1. Tell me, which residue of region 20-76 that is of a type in the set (Val, Ile, Thr) and assigned to a helix (DSSP H, G or I) is surrounded by the fewest Cβ atoms within 10 Å (Cβ to Cβ)?
2. Being within 28 Å of GLU175 (Cβ to Cβ) and touching a residue at least 60 places away in the same chain (Cβ under 8 Å), is that true of even one residue in region 60-75?
3. Pull out all pairs, ordered by first then second residue, where Cβ-Cβ is under 7 Å, the residues are six or more apart or on different chains, the first lies in region 84-100 and is without any contact (Cβ under 8 Å) to a residue 40 or more places away in the chain, and the second is open to solvent by 40 Å² or more (accessible area, probe 1.4 Å) and part of a strand (DSSP E or B).
4. Just give me the residues in region 84-93 being in contact with a strand residue (DSSP E or B) (Cβ under 8 Å, 6 or more places away or on another chain), loosely packed, with under 14 Cβ neighbours inside 10 Å and either among the β-branched types (Val, Ile, Thr) or under 19 Å from ILE165 (Cβ atoms) (or both), in sequence order.
5. Consider region 1-19. How many of its residues are surrounded by 11 or more Cβ atoms within 10 Å (Cβ to Cβ) and of a type outside the set (Asp, Glu)?
6. Could you look through region 113-148, keep only residues that are part of a strand (DSSP E or B) and among the polar types (S, T, N, Q), and pick out the one that is nearest to GLY190 (Cα to Cα)?
7. Any residue in region 104-112 that is of a type in the set (Phe, Trp, Tyr) and either part of a helix (DSSP H, G or I) or modelled with pLDDT of 95 or more (or both)?
Amino acid sequence: LMESSSPQPTESQKESITQILQAGWHLLKLINEILDLSVIESGKVSLSLEPVSLADVLSECQTMMKAQAQERGIRMRFPRFDTLGFVWADRTRLKQIVINLLSNAIKYNQLQGTVVVSCTMVASDGVRISFKDTGEGLAPEKLEQLFQPFNRLGQEAGGVAGTGIGLVVTKQLVELMAGVLGVDSTIGVG
């Protein structure tokens, strides 16, 4: 309401309003992630598994994350969508997983970096979706802590906003759909 009031807010008021709005969205995201985590850990999450077009999900997620990538000058490369098939998944939760992994690949990347998404068949009935970034990479001791709730791996004082919950929720959602979430990282490579 303050943002759209008449007369228009001054420049300093606009800056304050922007900070208030960003803080509000951040708190809403934190609350939603905590709720997701509690529902999953209680075992009460319901999934609607069905054949889902991987091309459609990746295309929608690419569109949704485009602005965040452009803000940091990140180039995103995706597989050719006409070569992708279907996966057995909950469409909404699959999008949540892809968006979270893309968001992390963008947030923890270097400015003007790259995110490459690829898909490969594993075994006769599996698909591996990989997200490769050009960020700092993680040391082996940090990799061991990666999926711990509220552990930001020393990024708390950094300029990247986060809660330390997203990857925990993502991993649990992947496992609920009979998948596996893993990580491979090299310092200085991504």
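The values are calculated or read from the model by the stated rules, or taken from the named source; none is laboratory data. Because the structure is a prediction, the values reported are computed rather than measured. So basically every Cβ, Gly included, is an ideal-geometry build from the backbone, and we count neighbours across all protein chains shown. Accessible surface is based on the protein model in full, side chains and every heavy atom, while ligands, DNA and RNA are left aside. Shrake-Rupley method; radii C 1.70, N 1.55, O 1.52, S 1.80 Å.
1. First, pick out the residues of region 20-76 that are of a type in the set (Val, Ile, Thr): 20, 31, 34, 39-40, 45, 52, 57, 63, 74.
Subset that is assigned to a helix (DSSP H, G or I): 20, 31, 34, 39-40, 57, 63.
Details: ILE20: 12, ILE31: 11, ILE34: 15, VAL39: 14, ILE40: 18, VAL57: 22, THR63: 9.
My answer is THR63.
2. No, region 60-75 contains no residue that is within 28 Å of GLU175 (Cβ to Cβ) and touching a residue at least 60 places away in the same chain (Cβ under 8 Å).
3. PHE86/PRO51
4. none
5. Of the residues in that region, 7 qualify.
6. Per the stated criteria, the residue is THR114.
7. No, because not a single residue in region 104-112 is of a type in the set (Phe, Trp, Tyr) and either part of a helix (DSSP H, G or I) or modelled with pLDDT of 95 or more (or both).
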